[in-house]
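Colleague: Here it is: the structure, laid out below.
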Amino acid sequence: KGNPKTGKGQGRHQTIIKQINSLKSNTQRQGKAENRKMDNLSISNYFYLQVLAACLYPALLEDDSLPLDVKQRAESLLRECDGGSVGSYTDSSGIAKIKHCVSQYITRRDGGVPSSPDNIFIKSGSQTIMLKLLIRSKDSCQTGVLIPVPTYASFTLALEEQGAAIIPYHLCEEQGWTLQVEELRKALHTGRKTCNPVALYICNPGNPTGHIQSRKSIEEVIRFAAEERLFILADEVYQSCVYADDTEFYSYKKVLSEMGSTISSTVELASFNSVSKGFMGECGLRGGYVELVNLDPAVKEYARRLFSTRSCPPVVGQMALDLMANPPRPGDPSFPTFSEVSEVFAELPGISCQPLKAGFFVFPCLHFPPKAIKWAKMEPDMLYCLHLLEETGLHVRPGCEYGQRKDSHHIRFNIMEDALQRLKTFHTRFMKEFS
Ligand SMILES: Cc1ncc(COP(=O)(O)O)c(C=O)c1O
């Protein structure tokens with residue numbers, strides 16, 4: 001049983017501190033938006049699984065091994081469900097409280113640019129419902145949508161299914177898959193000969209290209225859309241997967257809001273995000289949202305009616321969205337920090353550890369007393385690992401298996417809170433014994 005206040009030492013529900021891979025870039029690039037840090041810092045990957053499990057099976061709320069913040073979040077989510085059950089229908093555009101949470105996330109992401117829950121529609125997955133709004137398959141002139149080449153194939157298929165004409169524009173590979181407005185202009189000109197282009201689909205950061213647009217590039221695209229009266233469909237599902245140094249994600253919404261009122265209040269935009277990507281990657285849960293910007297009130301009303309022709313999105317997917325939009329923060333029991341790992345090592349004699357930046361493992365250096373080295377008759381880190389295994393059941397790998405400088409010794413350690421405590425106890429005893 002663990003301490004429900006701190007969430008530490010949990011028994012059955014051991015919290016594995018999964019280090020999502022962009023901590024490195026976060027720590028390197030200082031001054032980034034706070035939400036970015038929150039997205040990617042050492043959030044226990046089990047936090048949201050625990051919350052969802054407790055929502056599905058509320059008896060878990062009585063289990064002492066669940067951290068307090070997990071229980072509180074599950075309880076607050078269940079309060080939003082009719083009958084306190086995930087098995088109930090919700091409003092077809094999503095649970096109001098979760099839409100509010102998403103709008104707050106967007107406001108934080110965009111450094112204060114306001115977002116209204118009224119403009120947020122939660123859907124299963126990200127964007128195909130929007131196409132219904134834009135594409136009129138019965139018109140004599142086909143509705144056209146500009147799409148990048150290469151692109152995310154499902155989007156093209158969805159467009160075809162809706163009867164839209166695809167107007168391809170090529171990304172410039174030689175310049176890192178950049179989006180060139182001249183190419184957009186050319187494509188639009190060609191498209192107008194055969195269809196009625198109404199929308200421009202952007203995938204930023206790009207799939208499959210892995211590119212990310214600069215702020216300047218986004219401004220150019222928005223200006224182009226304003227001139228040509230195109231609706232921008234901004235697929236931004238990879239917004240929290242940004243690794244490159246000196247690179248920042250700018251949302252279309254933020255850039256648009258800072259472009260002067262003639263443009264910022266007129267260009268229509270739909271921005272998509274989803275739990276399928278980002279730090280969650282839970283595509284099977286089917287939780288996504290679209291935020292609509294600058295829609296004519298009548299069109300927004302039509303969108304609302306259109307969206308409500310379908311039943312609500314999956315409730316578990318909606319809850320996942322809430323967790324993505326509002327992950328544990330520093331100080332919450334489910335926000336195990338890396339400093340915690342480093343602090344534990346710093347406290348221990350004969351062990352030193354570089355700051356942990358990414359991945360699932362840590363590779364601390366062990367400074368064995370001469371007696372232990374003499375006694376070992378094998379690589380001392382191997383001896384240490386064998387003893388650790390025998391005494392505690394913990395399986396860690398000796399540094400000699402990975403390559404290390406001569407006369408240095410390490411272990412590769414999988415970062416689990418419970419394991420960390422066991423290692424601590426063992427290590428203290430081991431060092432004492434051989435000192
Ligand atoms: C560009 C892009 N948009 C959206 C998605 C995910 O869509 P959904 O939210 O429907 O799972 C993906 C998944 O691969 C994608 O690559």
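Colleague: All but one of (1) over 24 Å from Pro168 (Cβ atoms); (2) outside any loop (DSSP other than H, G, I, E, B); (3) of a type in the set (Gly, Ala, Ser) hold for Gly281, so report the exception by its number.
Modeller: (2)
Colleague: Which members of segment 34-82 meet the condition of being modelled with pLDDT under 90, crowded, with 21+ Cβ neighbours inside 10 Å and among the charged types (D, E, K, R)?
Modeller: Selection gives Asp39 alone.
Colleague: Another question, if that's okay. Applying the selection to segment 221-234, what residues are in contact (Cβ under 8 Å) with a residue 40 or more places away in the chain and within 16 Å of the ligand (Cβ to nearest atom)? Full working, then the answer.
Modeller: Residues of segment 221-234 that are in contact (Cβ under 8 Å) with a residue 40 or more places away in the chain, as a first pass: 221-226, 228, 230-231, 233.
Result: Leu233, single match.
Colleague: Please work out which one of (1) within 16 Å of the ligand (Cβ to nearest atom); (2) on the phi > 0 side of the Ramachandran plot is the condition Asn294 fails and give its number.
Modeller: Failed condition: (1).
Colleague: Which residues, taken from segment 149-167, are assigned to a strand (DSSP E or B) and within 20 Å of Phe272 (Cβ to Cβ)?
Modeller: Narrowing segment 149-167 to residues assigned to a strand (DSSP E or B): 149, 165-167.
Correct list: Val149, Ile166, Ile167.
Colleague: So if I check each of Glu248, Glu182, Glu227, which one is surrounded by fewer than 16 Cβ atoms within 10 Å (Cβ to Cβ) and within 24 Å of Tyr289 (Cα to Cα)? Even if it seems obvious, please write down each step before you answer.
Modeller: Values: Glu182 fails: within 24 Å of Tyr289 (Cα to Cα); Glu227 fails: within 24 Å of Tyr289 (Cα to Cα).
Exactly one of Glu248, Glu182, Glu227 is surrounded by fewer than 16 Cβ atoms within 10 Å (Cβ to Cβ) and within 24 Å of Tyr289 (Cα to Cα), namely Glu248.
Colleague: Another one. Among Val267, Val237, Val255, which is the only one that is within 16 Å of the ligand (Cβ to nearest atom) and either assigned by TED's automatic domain parsing to the domain that holds Gly112 or buried (at least 20 other Cβ atoms within 10 Å of the Cβ) (or both)? Quick ask: steps written out before the conclusion?
Modeller: Working: Val267 fails: within 16 Å of the ligand (Cβ to nearest atom); Val255 fails: within 16 Å of the ligand (Cβ to nearest atom).
Sole residue among the options that is within 16 Å of the ligand (Cβ to nearest atom) and either assigned by TED's automatic domain parsing to the domain that holds Gly112 or buried (at least 20 other Cβ atoms within 10 Å of the Cβ) (or both): Val237.
Colleague: Please tell me if Ser261 is modelled with pLDDT of 95 or more and either hydrophobic (A, V, I, L, M, F, W, C) or more than 16 Å from the ligand (Cβ to nearest atom) (or both).
Modeller: On the way: modelled with pLDDT of 95 or more: no; either hydrophobic (A, V, I, L, M, F, W, C) or more than 16 Å from the ligand (Cβ to nearest atom) (or both): yes.
No; evaluated as a whole, the condition is false for this residue.
Colleague: From the list His427, His410, which residue is touching an Asp or Glu at 6+ places or on another chain (Cβ under 7 Å) and surrounded by 17 or more Cβ atoms within 10 Å (Cβ to Cβ)? Spell out the reasoning first.
Modeller: Working: His427 fails: touching an Asp or Glu at 6+ places or on another chain (Cβ under 7 Å).
After ruling out the rest, the residue left standing is His410.
Colleague: Same structure, new question: Output the residues belonging to segment 136-159 that are away from the ligand (no atom under 16 Å from the Cβ) and out of contact with any Gly (no Cβ under 6 Å at 6 or more places or on another chain).
Modeller: Applying the first criterion (away from the ligand (no atom under 16 Å from the Cβ)) to segment 136-159 yields 136-144.
Selection gives Arg136, Lys138, Asp139, Ser140, Cys141, Gln142, Thr143.
Colleague: On the given criteria, is Gln142 out of contact with any helix residue (DSSP H, G or I) (no Cβ under 8 Å at 6 or more places or on another chain) and modelled with pLDDT of 90 or more? Explain how you work it out, then say what you get.
Modeller: On the way: out of contact with any helix residue (DSSP H, G or I) (no Cβ under 8 Å at 6 or more places or on another chain): yes; modelled with pLDDT of 90 or more: yes.
Judged against the criteria, Gln142 is a match.
Colleague: Residue check: is Val299 within 15 Å of the ligand (Cβ to nearest atom) and either within 17 Å of Val237 (Cα to Cα) or assigned to a helix (DSSP H, G or I) (or both)? Break it down into steps so the answer makes sense when it comes.
Modeller: Working: within 15 Å of the ligand (Cβ to nearest atom): no; either within 17 Å of Val237 (Cα to Cα) or assigned to a helix (DSSP H, G or I) (or both): yes.
No.
Colleague: Would you call Gly210 within 15 Å of the ligand (Cβ to nearest atom), assigned by TED's automatic domain parsing to the domain that holds Ser124, surrounded by fewer than 20 Cβ atoms within 10 Å (Cβ to Cβ) and at pLDDT 90 or above?
Modeller: For Gly210, the condition - within 15 Å of the ligand (Cβ to nearest atom), assigned by TED's automatic domain parsing to the domain that holds Ser124, surrounded by fewer than 20 Cβ atoms within 10 Å (Cβ to Cβ) and at pLDDT 90 or above - is not met.
Colleague: From the list Gly112, Gly125, Gly94, exactly one residue is at pLDDT 95 or above and either among the polar types (S, T, N, Q) or part of a loop (DSSP other than H, G, I, E, B) (or both). Which is it? Write out each step before concluding.
Modeller: Details: Gly125 fails: at pLDDT 95 or above; Gly94 fails: at pLDDT 95 or above.
Going through Gly112, Gly125, Gly94 in turn, the sole match is Gly112.
Colleague: Anything in segment 171-191 that is under 17 Å from Val145 (Cα atoms) and in contact (Cβ under 8 Å) with a residue 12 or more places away in the chain? List them, or say none.
Modeller: Answer for segment 171-191, where residues must be under 17 Å from Val145 (Cα atoms) and in contact (Cβ under 8 Å) with a residue 12 or more places away in the chain: Leu171, Leu179, Val181, Glu183, Leu184, Arg185, Lys186, Ala187, Leu188, Thr190, Gly191.
Colleague: Further question on the same structure: Would you please name the residue that is surrounded by the fewest Cβ atoms within 10 Å (Cβ to Cβ), looking only at residues in segment 160-170 that are away from the ligand (no atom under 16 Å from the Cβ) and touching a residue at least 24 places away in the same chain (Cβ under 8 Å)?
Modeller: Ranking the qualifying residues of segment 160-170, first place goes to Gly163.
Colleague: Continuing with this model, one more query. Determine which single condition Lys132 fails, assuming it passes every other condition in (1) closer than 22 Å to Lys300 by Cα; (2) more than 16 Å from the ligand (Cβ to nearest atom); (3) out of contact with any Lys or Arg (no Cβ under 6 Å at 6 or more places or on another chain).
Modeller: Evaluating Lys132 over (1) closer than 22 Å to Lys300 by Cα; (2) more than 16 Å from the ligand (Cβ to nearest atom); (3) out of contact with any Lys or Arg (no Cβ under 6 Å at 6 or more places or on another chain) leaves (2) as the failure.
Colleague: Quick test of your reading of the structure: Val102 fulfils all but one of (1) assigned to a helix (DSSP H, G or I); (2) over 21 Å from the mean Cα position of the chain (by Cα); (3) within 15 Å of the ligand (Cβ to nearest atom). Name the failing condition by number.
Modeller: Status for Val102: all satisfied but (2).
Colleague: Answer yes or no: is there a residue in segment 180-199 that is at pLDDT 90 or above and within 14 Å of the ligand (Cβ to nearest atom).
Modeller: Looking only at segment 180-199, we keep the residues that are at pLDDT 90 or above, and these are 180-199.
Pick out the ones that are also within 14 Å of the ligand (Cβ to nearest atom) and you get none.
So far as segment 180-199 goes, no, none of its residues is at pLDDT 90 or above and within 14 Å of the ligand (Cβ to nearest atom).
Colleague: Scan (1) within 11 Å of the ligand (Cβ to nearest atom); (2) surrounded by fewer than 21 Cβ atoms within 10 Å (Cβ to Cβ); (3) in contact (Cβ under 8 Å) with a residue 60 or more places away in the chain for the single condition Gly281 breaks and write down its number.
Modeller: Result: Gly281 passes all but (3).
Colleague: So, Phe426, is that one of a type in the set (Phe, Trp, Tyr) and modelled with pLDDT of 90 or more or not?
Modeller: Details: of a type in the set (Phe, Trp, Tyr): yes; modelled with pLDDT of 90 or more: yes.
Considered against the rule, which asks whether it is of a type in the set (Phe, Trp, Tyr) and modelled with pLDDT of 90 or more, Phe426 comes out as yes.
Colleague: Applying the selection to segment 188-213, what residues are small (Gly, Ala, Ser) and under 33 Å from the mean Cα position of the chain (by Cα)?
Modeller: Ala199, Gly206, Gly210
Colleague: List pairs: first in segment 395-413 and assigned by TED's automatic domain parsing to the domain that holds Gly350, second of a type in the set (Asp, Glu), Cβ under 7 Å, 6+ apart or cross-chain?
Modeller: As it stands, the answer is Pro398/Glu379; Pro398/Asp381; Gly399/Asp381; Cys400/Glu379; Cys400/Asp381; His409/Asp381; His410/Asp381; Ile411/Asp381, since those pairs meet every condition given.
The values are calculated or read from the model by the stated rules, or taken from the named source; none is laboratory data. These numbers come from a predicted model, not from an experiment. With ideal geometry, Cβ positions are generated from the backbone for all residues, glycine too; neighbour counts draw on all protein chains shown.
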